[in-house]
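Let me begin by presenting the structure, written as structure tokens, before commenting on it.
Please treat every number below as a calculation from the coordinates, not as lab data. All figures in this text were calculated on a predicted structure; none of them were measured in a lab. Note that each Cβ is placed from the backbone with ideal geometry, even for glycine, and that neighbours are counted across all protein chains shown.
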Amino acid sequence: MITETPVWVQLVYLAAAVLFILALKGLSSPKYARVGNLMGAVGATLACVVVFFYADLDNVVAILVAIAVGSVAGVVGAQRVQMTQMPQLVALFNGVGGGAAALVALLELADMTEPGHDPGGFALFATAFTVVVGSGAFSGSVVTFAKLQELMTSRPVLFPGLPVAFGLSLLAAVGLSALTVTGPSMLVGVVLGVLGLLIGVLLVLPVGGADVPIVISLLNAGTGLAVAASGYILANTVLLVGGTLVGASGTFLTLLMAGAMGRSVANILFGALKGGSTLGAGEASDRPVRSGGPEDIAILLGYAGKVIVVPGYGLAVAQAQHTLRELVDVLTERGTQVAYAIHPVAGRMPGHMNVLLAEAQVPYEQLKEMDDINGEFKQTDVVLVVGANDVVNPAAKTSPGAPIYGMPILNADEASQIVFMKRSMRPGFAGIENELLFDPKTTLLFGDAKDSLGKLLSAVKSL
Amino acid sequence: MSEPIVWLTIFVLSVFVGIEVISKVSSTLHTPLMSGANAIHGIILLGAILVTGYAGSTLQLVVGLVAVVLATVNMVGGFVVTDRMLQMFTRKKPTTRGATPRVPPAAGADGGPA
């Protein structure tokens with residue numbers, strides 16, 4: 001089936017595997033992250049180039065053309081994407097990787113069904129596993145992409161019988177995998193692929209928009225494991241080690257992220273299935289609120305001793321991070337103490353807001369993580385919430401029925417004054433109303449974040 | 001693949017290494033780390049090249065080439081986009097228009113100049 005791998009190639013694979021480990025190590029420290037990523041790229045390139053020199057491959061020209069096409073698509077996508085759309089792109093890249101793994105496994109299965117091949121039960125199981133998990137990661141990622149890109153509703157999608165359909169698909173996949181172990185069949189393989197696609201869709205549909213990042217991370221780990229299994233099928237160490245590293249670290253990262261939101265992974269995946277009580281109204285409320293003009297808020301900010309800015313995804317959508325930085329610069333020059341409070345899941349992915357503000361060249365020292373700044377809200381004169389909602393919603397502390405209940409939040413409600421800059425009264429990504437909007441301490445400034453910040457900026461300048 | 005137990009050993013050890021190396025990551029880096037790990041599983045490209053190189057029929061060749069394209073998008077795009085993200089972290093030179101705090105006060109205190 002495949003030519004014996006020479007020792008020197010095995011050594012190159014070993015080097016690539018070590019580079020992957022160093023890459024992950026580097027990526028988890030701010031100082032070496034970029035070098036780490038580069039090492040990963042070198043390792044992957046090395047392993048892929050070497051294959052052309054030892055294996056007796058056909059179709060080399062076609063393969064090289066396919067690689068060129070994929071490279072152009074990947075680079076263009078990666079260069080063009082807005083920083084705000086990063087989570088979608090990561091989901092998409094993950095999905096195509098999963099799809100590739102499933103196709104590779106199907107092709108191997110085709111080989112195994114030929115007479116004279118006895119791959120062994122272990123390899124057959126690994127093949128079935130790769131087909132199901134790879135195609136599940138693919139379809140799950142596509143649904144994730146659609147939710148984040150707002151091609152479909154970001155709220156949990158539920159229909160009667162969904163849990164049953166999900167359970168049955170899973171059961172069928174396990175049954176057919178067992179059947180594959182007893183004897184490979186191409187038809188069963190294709191059905192497994194379809195089941196995988198179905199499982200991926202059914203898994204992601206009931207997940208609410210705010211929780212989608214956790215799912216991306218989980219699907220990422222899944223693709224890793226599928227790649228690891230394909231490494232076993234192909235008797236290739238670098239696939240096995242690379243895939244396993246991603247599978248293990250991805251699973252761990254998923255748990256870390258869920259922890260940052262104060263939730264369990266099971267609650268995120270299946271919470272919506274337990275009953276409708278977790279779903280908010282999702283509509284604009286007509287309760288009275290207090291809104292103000294830019295001049296009123298400029299006075300509030302201009303004469304405050306201490307201001308904390310809470311940026312959210314709305315800021316990024318409006319591309320207003322640069323205007324915000326200007327406003328903060330002017331306030332600082334007037335002698336006001338200003339800091340940014342960054343919630344771990346601000347934006348659409350953990351750490352996303354840090355990327356966005358770094359892009360606007362906000363000095364790193366002004367960015368405060370939640371645990372460091374939460375004690376300071378009590379001594380703060382004004383909290384300026386720009387395009388954020390769920391991360392300051394006291395419902396996370398007070399109403400056990402809310403989907404975000406238990407999520408650690410920024411204690412904006414403890415400040416003397418709160419200013420919300422919002423486009424409308426629509427609830428945040430989690431789809432629930434924010435009591436803080438109706439608080440007597442709160443003033444609202446409606447409008448596009450960039451617009452409002454621009455007006456606010458000139459109002460503060462003319463004080 | 002004569003020795004499944006050898007492969008199982010490599011697998012189990014890799015699991016521990018994978019968890020260990022990222023156990024101290026700060027939440028600031030969650031997004032780039034996820035993206036970088038995502039690029040690493042693009043190594044499935046190697047598998048796609050192998051199966052396509054040994055394709056026995058036109059159908060297999062076509063499916064293989066699709067896998068090669070998809071895997072390349074995953075790998076190349078993944079590394080490029082991660083680098084783009086990380087570039088923004090490293091470019092934080094303290095030259096932003098005088099408003100930058102000269103010396104940050106003691107750790108934990110507010111970052112802005114008083």
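Assorted remarks:
- Here the range A:91-135 is scanned for amide nitrogen atoms under 20 Å from the site 7 Å beyond the Cα of B:T9 along Cα-to-Cβ, giving A:122-123.
- Computed about the Cα centre, the dipole magnitude for the protein assembly as shown is approximately 1200 debye when only Lys and Arg (+1) and Asp and Glu (-1) carry charge, each at its Cβ.
- For peptide A:336-342, the mean count of partner chain Cβ atoms within 10 Å of a residue's Cβ comes to 3.
- Each peptide in A:169-175, A:231-237 receives the mean, over its residues, of other Cβ atoms within 10 Å, and ordering these scores from highest gives A:231-237, A:169-175.
- Global form of chain A, assessed from the alpha-carbon gyration tensor, a/c cut-off 1.5: prolate
- Shielding by partners - mean other protein chain Cβ count within 10 Å, residues of A:232-238: 4
- Which of A:Y54, A:Y405 has the fewest Cβ neighbours within 10 Å, and the rest in rising order: A:Y54, A:Y405
- Residue-wise HN-Hα coupling along the range A:253-259, computed from phi with Karplus coefficients 6.51, -1.76, 1.60 (Hz; x: Gly, Pro): 4, 4, 5, 4, 5, 4, x
- The Cα atoms of the range A:294-461 give a gyration tensor whose axes a ≥ b ≥ c have a/c under 1.5, which makes the shape rounded.
- Förster radius 30 Å - calculated FRET efficiency between A:F438 and A:L158, Cβ distance, rounded to 0.05: 0.55
- Ranked by the mean number of other Cβ atoms within 10 Å per residue, highest first, peptides A:5-11, B:66-72, A:358-364 order as B:66-72, A:358-364, A:5-11.
- Taken along the Cα-to-beta-carbon direction at a fixed 7 Å, the label points for A:R287 and A:Q82 span 3.1 nm.
- Label sites at A:Q10 and A:D371, each approximated as a point 7 angstrom past Cα along Cα to Cβ, lie 4.5 nm apart.
- Chain A, relative contact order in percent, only Cα pairs under 8 angstrom and at least six apart counted: 14 percent
- Relative contact order, whole percent, for the range A:81-276 stands at 27, derived from Cα pairs under 8 Å and 6 or more residues apart.
- Cβ-defined net charge surrounding A:M39, 13 Å radius [Lys, Arg +1; Asp, Glu -1]: +1
- By average C-beta atoms within 10 angstrom, highest first, the peptides A:434-441, A:341-348: A:341-348, A:434-441
- Taking the Cα centre of the range A:81-276 as origin and assigning +1 to Lys and Arg Cβ atoms and -1 to Asp and Glu Cβ atoms, the resulting dipole is close to 640 debye.
- In the range A:340-460, Cα pairs under 8 Å separated by at least six residues give a relative contact order of 22 percent.
- On Cα atoms only, tilt of A:121-148 relative to the major axis of chain A in degrees: 30 degrees
- Top positive-direction residue, dipole computed over the protein assembly as shown with Cβ charges, set A:F129, A:G99, A:V338: A:V338
- Helix A:186-204 and the longest principal axis of the Cα set of chain A meet at an angle near 10°.
- Options A:V391, A:L463, A:I418, ranked by Cα towards positive dipole end of the protein assembly as shown, top entry (Cβ charges): A:L463
- The range A:30-132: trypsin sites (Lys or Arg not before Pro) falling in loop per DSSP and having at most 13 other Cβ within 10 Å: A:K31
- Most positive-pole-ward Cα, A:S29, A:G312, A:Y232, against dipole of the protein assembly as shown from beta carbon charges: A:G312
- Inter-chain shielding of A:17-26 (mean C-beta neighbours from other protein chains, 10 Å cut-off): 5
- Residues A:T380, B:T31 in ascending order of nearby Cβ atoms (within 10 Å, fewest first): A:T380, B:T31.
- Computed over neighbours whose Cβ is under 11 Å from that of B:G56, the net charge equals -3, Lys and Arg +1, Asp and Glu -1.
- Between A:F52 and A:Q149, the simple label model (points 7 Å from Cα in the Cβ direction) yields a spacing of 3.1 nm.
- Acute angle (nearest 10 degrees) that the helix A:212-233 long axis makes with the longest principal axis of chain A, alpha-carbon atoms: 20 degrees
- Förster radius 45 Å - calculated FRET efficiency between A:Y303 and A:L255 (Cβ-Cβ, nearest 0.05): 0.50
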